[in-house]
Amino acid sequence: MGPPGPGGGGARVPQFAMLYQNDLLTVPFGGGAVPLTPAAQSVGIQFQEGALRLLQPGVYCFRYLVLFPVAARLSTVLSLRLNGEVLPGSVCHVDKENAGQPFTAAGQTVFSLEEPGELTLWAEKGFSIAAAAEGDTLASLAGEQL
């Protein structure tokens, strides 16, 4: 704990998470959670069974990027979902018909959490994409408690 703050309490422990997916990104036919691998996480934000579990009440900010390489052709809708509900500001429609151009999808949101919840990066339709080069990051999700 740090020194007492203006209200007399100690400083709170930072809550954060960073997840990513390299090389191959596959969402099952019919849609679902975008598979990610944890890179860093705090005690109050834990990655379990394909979702982030937010364990403490508060205000959070999360953002995602999904990179579709040149050869990819697909159509889907990406969003961040809290307990299955789409969060405002996080929806990105992806209609990539031109296989000759790369495409980057992004979304972000700030929301208030009153009780523990489950956050997922969701794709409405399934797809499978391969990175242009080994080690390329295809998707990332990062956030913190404000």
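The values are calculated or read from the model by the stated rules, or taken from the named source; none is laboratory data. Bear in mind that the values here come from a model prediction, so they are computed numbers and not experimental data. Cβ sites come from the backbone with ideal geometry, for glycine too, and all protein chains shown count toward neighbours. Heavy atoms of the whole protein, side chains included, go into the accessibility calculation; ligands, DNA and RNA do not. Shrake-Rupley method; radii C 1.70, N 1.55, O 1.52, S 1.80 Å.
What relative contact order, as a whole-number percentage, does the chain give when Cα pairs under 8 Å and 6 or more residues apart are counted?
Contact order relative to length: 37 percent.
Please compute the per residue accessible area over the stretch 52-97 with all protein chains in place, 1.4 Å probe, rounded to a whole number of Å².
Heavy-atom SASA per residue in the stretch 52-97 reads 46 Å².
Can you list residues whose amide H is under 5 Å from Ala39's amide H, if they're 5+ apart or on another chain and H is modeled 1.01 Å from N?
Here Met18, Leu19, Tyr20 satisfy the definition.
In the P(r) worked out for the chain, what percent of Cα pairs fall beyond 28 Å? Could the numbers behind the result be given before it?
On the way: 2455 of 10585 pairs.
Value for the chain: 23 percent of Cα pairs lie more than 28 Å apart.
In nm, give the distance between the simple-model label positions of Asn98 and Gln41, each being 7 Å from the Cα along the Cα-to-Cβ direction.
3.8
Once fully extended, how much extra length lies between Gln56 and Asn22, figured as 0.36 nm per residue of separation less the alpha-carbon to alpha-carbon distance?
Result: 9.3 nm gained on full extension.
Could you pull out the longest piece of the chain with no exposed loop GluC sites (Glu not before Pro) in it, calling a site exposed if DSSP puts it outside H, G, I, E, B and it has at most 11 other Cβ atoms within 10 Å?
The longest uninterrupted stretch comes out as 1-48.
Go through Ala132, Thr109, Gly143 and say which Cα lies farthest out towards the positive end of the charge dipole of the stretch 98-146; charges sit on Cβ, +1 for Lys and Arg, -1 for Asp and Glu.
Ala132
What's the carbon and sulfur percent of the stretch 41-146's accessible surface, probe 1.4 angstrom, rounded to a whole number?
On the way: 2790 of 5330 Å².
Reported share for carbon and sulfur atoms: 52 percent.
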